[in-house]
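The values are calculated or read from the model by the stated rules, or taken from the named source; none is laboratory data. Owing to the predicted nature of the structure, the values given are computational and were not obtained by experimental measurement. Note that each Cβ is placed from the backbone with ideal geometry, even for glycine, and that neighbours are counted across all protein chains shown.
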Amino acid sequence: MEPEAFRQAAREVADWAARYREQVDEHPVLARVEPGEVASRLAASPPEEPEPFADILDDVERVVLPGITHWNHPGFFAYFASSSSAPALLAEFVAAALGGNAMLWRTSPAATEMEERTVDWLRQWVHLPEAFRGVILDTASTSSFTALLAAREETGLDVRRRGMAGRADLPPLTAYVSDQTHSSLEKAAIAAGIGQERVRRVPTDDRFRLRPDALREAMEEDRDAGRLPFFVCATVGTTSTTSADPVAPVADVCEEQDAWLHVDAAYAGPAAALPERRDLFAGWERADSVVINPHKWLFTPMDCSVFLFRDDEAVRRSLALTPEYLSSGEEGATNLMDYGLPLGRRFRALKLWFLFRFFGGDGLRERLRAHLDWTGDFVRWIEEDPRFERTAPAPFSTVCFRTKPPEETAGDEVGRETVNDWNRRLLSEVNREGSVFLSHTVLDGTYTLRLAVGSIHHRRQDVRRAYERLVEARERLARGADG
Ligand SMILES: *Cc1c(COP(=O)(O)O)cnc(C)c1O
């Protein structure tokens with residue numbers, strides 16, 4: 001592409017993106033395509049002849065858009081938000097223009113040093129101690145996997161060199177999570193050769209928080225049976241209900257048991273920047289590692305997961321490996337490839353740098369506070385409405401709730417399956433309408449709807465709309481049920 005043609009095409013893409021962002025709420029938030037529909041509109045083989053750029057861009061509109069579930073739609077309340085703030089989106093463009101690969105310091109000095117600096121900005125902003133440093137990885141799944149590998153090496157069993165298979169000297173390594181912990185921890189144990197069966201799911205209390213007494217008991221029991229407890233994951237902001245495990249007493253147990261403490265704050269981490277929420281994080285400063293995903297509640301497009309750790313050497317010991325053709329000799333330079341599985345690395349730090357500079361730490365806190373306020377409003381609306389019931393505490397910006405079927409509001413006993421089925425149908429009804437998208441979870445056998453605030457595009461009226469759409473969908477269902 002000639003420079004002038006590139007300039008023109010880049011302007012067109014910028015115009016397209018600006019228009020898309022302005023008009024995103026004209027699309028149904030949840031894609032209305034059947035499996036295979038998008039594929040059927042794509043050429044089965046790669047084109048042999050060049051095509052005009054304008055045609056390609058046109059097909060974004062024609063082929064791609066109908067198959068998009070719009071995460072940047074203000075009605076997106078499912079899972080946890082992942083939204084593209086303008087500065088972070090533009091940083092992606094700049095990063096792609098620069099291209100490059102931040103594997104070694106010398107292959108991208110700026111990307112390397114900015115990654116170290118922006119991770120430190122985030123660390124300061126969430127008030128973690130200076131002892132932590134970190135890197136940016138693609139996802140929390142990768143960050144937690146990296147933590148598990150470091151912990152495995154910390155056992156001193158030299159698994160890195162000798163492997164695990166066929167070793168009579170190796171006690172079964174056991175990892176501990178709660179019954180609410182994200183599935184990525186179990187996956188990490190699968191990949192690290194620990195084995196799914198060696199991940200103990202410790203029970204939680206009536207507010208879905210890991211029970212430190214049950215953790216201690218499980219670890220002692222395993223130790224007595226000749227197993228080696230080596231890794232514990234506490235979560236602040238669990239995926240179903242956003243419950244916060246009591247990290248301080250968990251850290252006490254980890255200290256007693258000499259186990260690695262990993263804190264998964266993939267979603268809720270940014271809330272540690274708010275003094276009024278910091279008590280939910282008490283003790284996380286004692287962790288060996290922490291993960292926070294700016295691509296969740298910090299307005300950064302996929303992907304950006306910050307993996308923080310205390311012991312630099314522990315992480316390097318588990319994965320650093322330098323073949324001759326990558327050896328470089330700069331004194332005092334960090335080679336980021338030493339801190340994870342991937343060799344090649346994107347310039348993700350640019351997104352955090354743009355984000356923090358554009359909004360400022362204060363501006364980011366202001367947006368989080370607004371989200372917490374609107375979440376509080378939503379909680380109030382459903383608590384004051386006899387047709388709804390909250391199913392879990394809402395410590396952050398996510399609410400778990402259900403609606404009551406008409407028989408129940410009329411005072412009749414209704415079985416759990418009937419209630420579950422009613423809520424399942426209600427969710428599909430509200431999502432079908434197209435202006436909001438919510439997701440679900442199951443809590444102690446109760447089918448539960450979930451509303452997660454946290455997108456840069458959310459406004460109070462969008463949260464209100466979600467409530468109204470729920471009420472309307474319920475009325476439609478109730479009418480359908482009557483007639
Ligand atoms: C979303 C989430 C994850 C997984 O995040 P990825 O970045 O998609 O791997 C892990 N833990 C928690 C608590 C999460 O909310």
(message) Consider segment 286-322. How many of its residues are in contact with a strand residue (DSSP E or B) (Cβ under 8 Å, 6 or more places away or on another chain) and without any contact (Cβ under 8 Å) to a residue 40 or more places away in the chain?
(response) 1
(request) Give Thr418, Thr403, Thr448 a once-over and let me know the one that is surrounded by fewer than 16 Cβ atoms within 10 Å (Cβ to Cβ), among the polar types (S, T, N, Q) and more than 30 Å from Ala18 (Cα to Cα). (result) Thr418
(message) Based on this model, can you work out whether Pro270 counts as within 14 Å of the ligand (Cβ to nearest atom), buried (at least 18 other Cβ atoms within 10 Å of the Cβ) and part of a loop (DSSP other than H, G, I, E, B)?
(response) no
(message) Would you confirm whether or not segment 78-91 contains a residue that is within 16 Å of the ligand (Cβ to nearest atom), touching a Gly at 6+ places or on another chain (Cβ under 8 Å), assigned to a loop (DSSP other than H, G, I, E, B) and over 30 Å from Ala18 (Cβ atoms)?
(response) no
(request) Output yes when any residue across segment 410-427 is under 24 Å from Leu372 (Cβ atoms), in contact with a helix residue (DSSP H, G or I) (Cβ under 6 Å, 6 or more places away or on another chain) and at pLDDT 95 or above, and no when none is. (result) no
(message) So, in segment 30-44, how many residues would count as being in a helix (DSSP H, G or I) and either under 23 Å from Gly434 (Cα atoms) or touching a strand residue (DSSP E or B) at 6+ places or on another chain (Cβ under 7 Å) (or both)?
(response) 3
(message) Any residue at all in segment 221-231 that's under 23 Å from Phe401 (Cα atoms), over 23 Å from the mean Cα position of the chain (by Cα), away from the ligand (no atom under 16 Å from the Cβ) and not polar (S, T, N, Q)?
(response) no
(request) Would you check which residues across segment 95-117 are surrounded by fewer than 20 Cβ atoms within 10 Å (Cβ to Cβ) and polar (S, T, N, Q) and list them? (result) Asn101, Thr107
(message) Which of the numbered conditions does Ser178 fail, given that it passes all the others? Conditions: (1) away from the ligand (no atom under 16 Å from the Cβ); (2) under 19 Å from the mean Cα position of the chain (by Cα).
(response) (1)
(message) Suppose we keep only residues that are within 28 Å of the chain's Cα centre (by Cα), more than 16 Å from the ligand (Cβ to nearest atom) and part of a loop (DSSP other than H, G, I, E, B) within segment 45-77. Which one would you say is farthest from Gln461 (Cα to Cα)?
(response) Ile68
(message) Please pick out the residue among Glu255, Glu276 that is surrounded by fewer than 24 Cβ atoms within 10 Å (Cβ to Cβ) and within 21 Å of Glu130 (Cβ to Cβ).
(response) Glu255
(request) Within segment 140-153, identify whether any single residue is among the acidic types (Asp, Glu), touching a residue at least 24 places away in the same chain (Cβ under 8 Å) and out of contact with any His (no Cβ under 7 Å at 6 or more places or on another chain), and answer yes or no. (result) yes
